[in-house]
Each structure stands twice: as structure tokens, then as C-alpha cells.
Amino acid sequence: MEQRETGRIVRSLSGFYEVRTPGGTVTCRARGILRREGVTPLTGDLAEITLERGKGMVEKILPRRNSFIRPAVANVDALVVFAANVNPITEPFLIDRVAAIAGDQGVPVYLCVNKCDLDPGADLVRIYEAAGFPVIRTSAETGQGVEQLRQLIRGKLTAFTGNSGVGKSSILNRLHPELGLPVGEVSEKLGRGRHTTRHVELYDLGEDTFVADTPGFSSFDTDQMDVILKENLQYAFPDFGPYLGKCQFHDCSHRAEPGCAVRAALDRGKLQPTRYDSYLRLYEKASQLRLWELDRG
């Protein structure tokens, strides 16, 4: 007899989905109709499933509060972006692109500057505190900042994301040692980490706290991320907020127009140059955007 349940997808791998329901966790495939409708189930999704003869099937994905292509997650309360100023060094543009994608969907972003036992990441901390982001310095080696991070994510469903080798899984192991997640080494020659997380999985840390650990990415992967309309991009930079609507032209792109309040703030040192440079790079990408690319499914 067919049994229907509703649960949350906690793991997605190679077309199989582990769905946590009140009756336990069920491994499911997705109905073909979802593929035909252009819907890809994501970790974090709430789903209606059927269970018959021990086999589960995802029948329907319930409406999402938010969703992302990379990291491939849905319904998150916040994104924690991991960065480091050593082995490997994180480009501010990587942080800014993830933060803009999250900002476009109204999802809060926290910055975790990791490996502070090796390098305190002073410039990264300065840039993002000035831009208004909550910033935590952490070290998986010493435990610095781990309890502060625990308090920040308590009671939330957050996704950990960042470039490969920056220490997401190591910090998760510090937060919940029972996980015993594999941790990769960083190539000394290439200065980047090996991908130890190859799928997106949701971990229960207790106290109604859930963390999605996601595969790391490199600068080459940013082309695979979500895209933002160029008209909306300015609103995805919260540090631009006090100056929007104050430009000479109402449709100012904040690039070369006279009387631009954003560029005037930049000249006065009120905005961080790396943030503005990232805005210009993302605006150029957005200018090449075709509307069909915005369909997430």
C-alpha cells in the first residue's frame, strides 16, 4: 500500500535523495515529471514523497523560500562564507559574488575568516566589517571563534560555502566532533584545496541547528553560479544602500555617470574599493545576461 509523507531533503547525490520524515529517513528517486517541469530537488527542500514496498519517490517539491545553484541548497536562513588569507588565499571577488547572490534573495551572509592561527586576515576583516557583514575570525586548529560561530547559527538552517581548502569541514568537525568529516590538504604548489566534500549534505548539530556542507569552489566556478539582473545588482550590495536614490540620474548604473552618489561615497572612502570593483565585474557579467538564464526551476 502506498504511503505519503512530507519531509526535508538532507542529502543529494547522483540522482538519489535522502528525505528525513517523521517516520525516519527514506532514500528516494525523483519522479520524471519533475525533470520535465525543470525542477531539480535540492538539499534543504521540503518534499512530498511516496513510499511503497520500501522504495521512496519524490513526488513534489514544496514552494521554496530561496534556492541557489552553487551552493545547491534551498530554504536556508543564512549563508556562512568561509575565507582565508593563507593557504589558500581567498579572492574578495569570490566572497562578493556569493554575497551578492544571497543578497539578491534577501538571505543574510556571515563571513568566517578561517585559519587565523596562520594569518589573522586583517584586510578581509576590515573590508567586510566596513561593508556591514557580521565577521568571525576562526581557527579549526585552536578552536578560536568556534563558539561564537555556534551562537550565530543556532536555531538556523545555514549553508557553509567558500573556496576549496578553506576549512569548512574542519570547522564543522569542531562544531560537532561526532561527524568525523574527511578533511583535505591544500596543495603547496597550487595554493588550493582538494574537494573533500563532493555532495551537499545537511547535518543536524542539535538545538534545532542544521548546517549544509557544500563542495568548495574555485575562481573558475563562478560562471556556474546564479545570475542577477544588472538592474537589481545595486540592491545586492547592502553597503551601497545609503547612497541609492541620491544619484543625479534615477537609472544610474554607478559606473561612469556624472553625479553618482555611489562613486562619490567611494571617493570619500565610505565604500571599500574591492567591493566596488566586484560590483563592476558583476555588472559586466549581468550585462551579457539572457533572461532565460534566470530560470532556476
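The values are calculated or read from the model by the stated rules, or taken from the named source; none is laboratory data. Since the structure is predicted, the reported quantities are computational estimates derived from the model, not experimental observations. Here Cβ is always computed from backbone atoms with ideal geometry, including for glycine, and neighbour counts include all displayed protein chains. With ligands, DNA and RNA removed, areas are computed over all heavy atoms of the protein, side chains included. Shrake-Rupley method; radii C 1.70, N 1.55, O 1.52, S 1.80 Å.
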Next on the checklist: What percentages make up the Cα-Cα pair-distance distribution of the chain when the bins are 5 Å wide from 0?
Outcome noted: 1, 5, 11, 15, 16, 15, 13, 10, 7, 4, 2, 1, 0, 0
Next on the checklist: Can you say what percent of the DSSP beta bridges in the chain, counting only those with both residues inside, are antiparallel? Round to 5.
Outcome noted: 60 percent
Next on the checklist: Run the lone-cysteine check on the chain: no other Cys C-beta under 4.7 Å from the residue's C-beta.
Outcome noted: CYS28, CYS112, CYS116, CYS260
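Take the Cβ-Cβ distance between ASP267 and GLU129 as r, set R0 to 25 Å, and report the resulting FRET efficiency rounded to the nearest 0.05.
0.75
Would you mind counting up the charge near ALA131? Only other residues with Cβ under 11 Å from its Cβ, with Lys and Arg at +1 and Asp and Glu at -1. Show your work: numbers first, answer last.
On the way: positive: ARG126, LYS270, ARG275; negative: ASP96, GLU129, ASP239.
Charge balance near ALA131 sits at 0.
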Item to check | Length added when fully stretched, GLU5-LEU62, from 0.36 nm per residue minus Cα-Cα | outcome: 19.3 nm
Checklist entry - Considering amide H positions built from the backbone, and no H for Pro or chain starts, which residues 5 or more places from ALA212, or on another chain, come under 5 Å of its amide H? => result THR158, ALA159, PHE160, TYR203
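Could you sort TYR110, TYR279 by their accessible area in this structure, using a 1.4 Å probe and putting the largest first?
Details: TYR110 25, TYR279 5 Å².
Sorted descending by solvent-accessible area, the residues read TYR110, TYR279.
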Checklist outcome for this item: The rounded separation in angstrom of the Cα centers of the stretch 141-165 and the stretch 56-120 is 12 Å
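Can you give the FRET efficiency for GLU257 and GLU52, using 1/(1 + (r/R0)^6), R0 = 51 Å, r = Cβ-Cβ distance, to the nearest 0.05? Before the final figure, lay out each step's value.
Numbers: r = 61 Å, r/R0 = 1.21.
Taking R0 as 51 Å, the efficiency between GLU257 and GLU52 is 0.25.
Could you sort GLU147, GLU178, GLU257 by their accessible area in this structure, using a 1.4 Å probe and putting the largest first? Can you show the working numbers first?
Numbers: GLU147 105, GLU178 140, GLU257 45 Å².
Result of the area sort, largest leading: GLU178, GLU147, GLU257.
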Checklist outcome for this item: Cα extents of the stretch 132-171 per principal axis, largest first, Å, are 25, 22, 20
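Determine the calculated [θ] at 222 nm for the chain from helices alone, applying -39500 (n - 2.57) to every DSSP H run no shorter than 4 residues and normalising by the residue count; nearest 500 deg cm²/dmol.
-6500 deg cm²/dmol
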Next on the checklist: Show log10 I(q)/I(0) for the stretch 62-126 at q = 0.15, 0.18 Å⁻¹, two decimals, from a solvent-free Debye sum over equal Cα scatterers.
Outcome noted: -0.51, -0.68
Checklist entry - What is the distance, in nm, between label points placed 7 Å from the Cα along the Cα-to-Cβ direction at LYS246 and at TYR283? => result 1.7 nm
Checklist outcome for this item: Spelling it out for VAL73: with amide H atoms placed in the peptide plane at 1.01 Å from N, the residues 5 or more places away or on another chain with amide H under 5 Å from its amide H are PHE68
Item to check | Computed Kirkwood radius, in angstrom, where 1/r is averaged over Cα pairs of the stretch 17-132 | outcome: 16.7 Å
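On average, how much accessible surface per residue is there in the chain, in Å², for a 1.4 Å probe, leaving out ligands, DNA and RNA? Write out the running numbers ahead of the final one.
On the way: 14670 Å² over 297 residues.
Normalised by residue count, the accessible surface of the chain is 49 Å².
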Checklist entry - Around LYS60, which amide H atoms from residues at least 5 apart in sequence, or from another chain, sit under 5 Å from its own amide H, with H modelled in the peptide plane? => result GLU48
Checklist entry - Rounded to a whole number, what % of the accessible area of the stretch 62-127 do carbon and sulfur atoms account for, probe 1.4 Å? => result 55 percent
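Across the chain, how many lysine pairs, 8 or more positions apart or on different chains, have C-alpha atoms separated by under 23 Å? Please give the number. Can you show the working numbers first?
Details: LYS115/LYS168; LYS115/LYS189; LYS156/LYS168; LYS168/LYS189; LYS230/LYS246; LYS230/LYS270; LYS230/LYS285; LYS246/LYS270.
The result is 8.
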